[in-house]
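Asks: Pasting a structure here, questions to come.
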Amino acid sequence: AQTVTQSQPEMSVQEAETVTLSCTYDTSENNYYLFWYKQPPSRQMILVIRQEAYKQQNATENRFSVNFQKAAKSFSLKISDSQLGDTAMYFCAFTFSGSRLTFGEGTQLTVNP
Amino acid sequence: GAVVSQHPSWVICKSGTSVKIECRSLDFQATTMFWYRQFPKQSLMLMATSNEGSKATYEQGVEKDKFLINHASLTLSTLTVTSAHPEDSSFYICSARETVNTEAFFGQGTRLTVV
């Protein structure tokens, strides 16, 4: 069975600074996908970034980047130049071969002015 | 990204009545749709997976007779909460995926309150 663990229930960061959210996972699969989703107060789930396990290069989307360490089964999200609108719950998620998404417990990020 | 529309965004119903929630993929054909339930400050809990034209696969502990899921077309899935009770009050979210190798996109969610 696949598991996803987010060990930081809450985090805060000052506006314009950088923050890193942690995620580890456990799987015996070799080909899989990892995602970070953002859920703001509106509760709409928004895809932030995705990473294919077969790609060694870390995915980047503007201010968002990941540190994917396949051997360590680690998938952290770095948010640079944090903005007030980044305040949200962030979920790390895993899927393989069309299976369902497995979510972590979530990390509530607060960006302070 | 692709658009998934969920309706209604909130609903209040009386105990004992049934409520239907719709999930539509607006710009792609969703071969698979997922229904989740989310309690405050918690993660998403998968309730069931539905493939177009097939019976839904329910997760352990989810009552299939209480949470009826229909996926009659490639763009529409519905979740009907039958004989709703206050303990069914929650936030329900759907997601849709075009193929097994594409990411799932989420609807806006439905806040159900049973009084």
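Asks: When only the heavy atoms of the protein chains count and the probe is 1.4 Å, how do A:Ile46, A:Ile79, B:Ile12 rank by accessible area, highest first? Write out the running numbers ahead of the final one.
Replies: Working: A:Ile46 70, A:Ile79 0, B:Ile12 105 Å².
Largest to smallest exposure gives the sequence B:Ile12, A:Ile46, A:Ile79.
Asks: If the reach is capped at under 25 angstrom between alpha carbons, list the lysines near B:Lys66, excluding any in the same chain fewer than eight residues apart.
Replies: Within reach: B:Lys14, B:Lys20, B:Lys41, B:Lys55.
Asks: What quantity of accessible surface, computed with a 1.4 Å probe and excluding non-protein components, is buried in total between chains A and B, in Å² to the nearest 100?
Replies: 1700 Å²
Asks: Can you list residues from other chains, or at least 5 along the same chain, whose modelled amide H is less than 5 Å from the amide H of A:Thr110?
Replies: Result for A:Thr110 returns A:Met11, A:Ser12, A:Val13.
Asks: At a 1.4 Å probe radius, which order do B:His71, B:His85 fall into by accessible area, largest first? Before the final figure, lay out each step's value.
Replies: Numbers: B:His71 10, B:His85 70 Å².
Ranked from most to least accessible, the order is B:His85, B:His71.
Asks: Counting Lys +1, Arg +1, Asp -1, Glu -1, what net charge surrounds B:Ser15 among other residues with beta carbon under 12 Å of its beta carbon?
Replies: Values: positive: B:Lys14; negative: B:Glu87, B:Asp88.
Here the count lands on -1.
Asks: What percentages make up the Cα-Cα pair-distance distribution of chain B when the bins are 5 Å wide from 0?
Replies: With a bin width of 5 Å, the distribution comes to 2, 13, 24, 26, 20, 10, 4, 1, 0.
Asks: Also, I was wondering about something else. Rounded to the nearest Å, what's the spacing between the alpha carbon centres of the range A:1-73 and the range B:1-66? Just the number, please.
Replies: About 24 Å separates the Cα centre of the range A:1-73 from the one of the range B:1-66.
Asks: To the nearest 20 debye, what charge dipole does chain A have about its Cα centre, counting +1 at the Cβ of each Lys and Arg and -1 at the Cβ of each Asp and Glu?
Replies: 300 debye
Asks: Shifting gears a bit: With a 1.4 Å probe and every protein chain kept in, tell me what percent of the accessible surface of chain B is carbon plus sulfur.
Replies: Within chain B, the accessible surface is 52 percent carbon and sulfur.
Asks: Hey, can you find the accessible area per residue of chain A for me, probe 1.4 Å, expressed in square angstrom?
Replies: It amounts to 48 Å² per residue over chain A.
Asks: If you don't mind, another one. Using +1 on the beta carbon of Lys and Arg, -1 on that of Asp and Glu, and nothing else charged, what's the dipole of the protein assembly as shown about the Cα centre, debye to 20?
Replies: In total the dipole reaches around 280 debye.
Asks: Could you tally the net charge around A:Cys92, taking each other residue with its Cβ under 12 Å from the Cβ of A:Cys92, Lys/Arg +1 and Asp/Glu -1? Working shown, then result.
Replies: Details: positive: A:Lys38, A:Arg50, A:Lys73; negative: A:Glu105.
Value of the local net charge: +2.
Asks: Provide the FRET efficiency to the nearest 0.05 for the A:Gln14-B:Ser83 pair, computing r from the beta carbons and using R0 = 35 Å.
Replies: Details: r = 50 Å, r/R0 = 1.42.
Efficiency, rounded to the nearest 0.05: 0.10.
Asks: I've got another one for you. Could you do me a favour and compute the accessible area per residue for the range B:54-115, 1.4 Å probe, result in Å²?
Replies: Values: 2900 Å² over 62 residues.
Counting only protein heavy atoms, the per-residue value for the range B:54-115 is 47 Å².
Asks: Ok, one more. Return the Rg/Rh value of chain A, two decimal places, where both radii are evaluated on C-alpha atoms and Rh is the Kirkwood radius.
Replies: With Rg and the Kirkwood Rh in hand, the quotient comes to 0.96.
Asks: State whether the protein assembly as shown is rounded, prolate or oblate according to the following rule on the C-alpha gyration tensor (a ≥ b ≥ c being the square roots of its eigenvalues): a/c under 1.5 gives rounded; otherwise a/b larger than b/c gives prolate, and the remaining case gives oblate.
Replies: Here the protein assembly as shown falls in the prolate category.
Asks: Taking the alpha-carbon distance from A:Lys73 and a cut-off under 25 Å, which lysines remain once sequence neighbours fewer than 8 residues away in the same chain are dropped?
Replies: Counting by Cα, and skipping residues close in sequence, A:Lys73 has these lysines nearby: A:Lys38, A:Lys55.
Asks: In chain B, with Lys and Arg counted as +1 and Asp and Glu as -1 at Cβ, which of these residues, B:Thr102, B:Thr78, B:Ser89, has the Cα nearest the positive end of the dipole, that is, farthest along it?
Replies: Final value for the positive-end residue is B:Ser89.
Asks: Can you work out ³J(HN,Hα) from phi for every residue in the range B:72-84, in order, using Karplus 6.51 cos²θ - 1.76 cosθ + 1.60 and θ = phi - 60°, giving whole Hz and x for Gly and Pro?
Replies: Taking θ as phi minus 60°, the curve returns 7, 9, 6, 10, 9, 10, 10, 10, 10, 8, 8, 6, 5 Hz for the range B:72-84.
The values are calculated or read from the model by the stated rules, or taken from the named source; none is laboratory data. All figures in this text were calculated on a predicted structure; none of them were measured in a lab. In this analysis, Cβ positions are derived from the backbone assuming ideal geometry, glycine residues included, and neighbour counts consider all displayed protein chains. Accessible surface is based on the protein model in full, side chains and every heavy atom, while ligands, DNA and RNA are left aside. Shrake-Rupley method; radii C 1.70, N 1.55, O 1.52, S 1.80 Å.
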